[in-house]
1. From the list ASN48, ASN72, ASN78, ASN62, which residue is modelled with pLDDT of 90 or more and surrounded by fewer than 13 Cβ atoms within 10 Å (Cβ to Cβ)?
2. Within segment 90-103, does at least one residue satisfy the condition of being within 13 Å of the chain's Cα centre (by Cα), surrounded by 18 or more Cβ atoms within 10 Å (Cβ to Cβ) and modelled with pLDDT under 85?
3. So ILE95 ticks every box in (1) more than 24 Å from PHE24 (Cα to Cα); (2) touching a residue at least 60 places away in the same chain (Cβ under 8 Å) but one. Which box is left unticked?
4. Quick test of your reading of the structure: GLU85 fulfils all but one of (1) outside any helix (DSSP H, G or I); (2) surrounded by 13 or more Cβ atoms within 10 Å (Cβ to Cβ). Name the failing condition by number.
Amino acid sequence: MTKEFVPYEQALALQELGFNEPCFKYKDNTNFRPLYQQAFRWFREKHNLKSYIAPVEYLDGNEDTYHWCIYNHFNSGNEQLTYEEGELACLKKLIEIVKTNNNG
């Protein structure tokens, strides 16, 4: 079940960006751990950043390879990622975009 939660480092970055949605408490009840689903929804609703993780269709039939995309911004290019790696890479890029926009 832990793969459903945003890693601690990214949870802190989200909090710094203003993410304050209700979340599960983790360990000492002071740190929160949002679900990936919550984080992606927040980026869609608050920052109009729409993204997705999708399977890559290769001729070799490898169905366990994914890519990510943030509409009108970036995509993972030719990276061959697991679904979870794609989620994390996409989330990191979303955080980077909002940080850059806030500082620019």
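1. Values: ASN72 fails: modelled with pLDDT of 90 or more; ASN78 fails: modelled with pLDDT of 90 or more; ASN62 fails: modelled with pLDDT of 90 or more.
That would be ASN48, the only listed residue that is modelled with pLDDT of 90 or more and surrounded by fewer than 13 Cβ atoms within 10 Å (Cβ to Cβ).
2. no
3. Against the list (1) more than 24 Å from PHE24 (Cα to Cα); (2) touching a residue at least 60 places away in the same chain (Cβ under 8 Å), ILE95 comes up short only on (1).
4. (1)
The values are calculated or read from the model by the stated rules, or taken from the named source; none is laboratory data. No experiment lies behind these values; they were computed from the predicted model shown. Cβ sites come from the backbone with ideal geometry, for glycine too, and all protein chains shown count toward neighbours.
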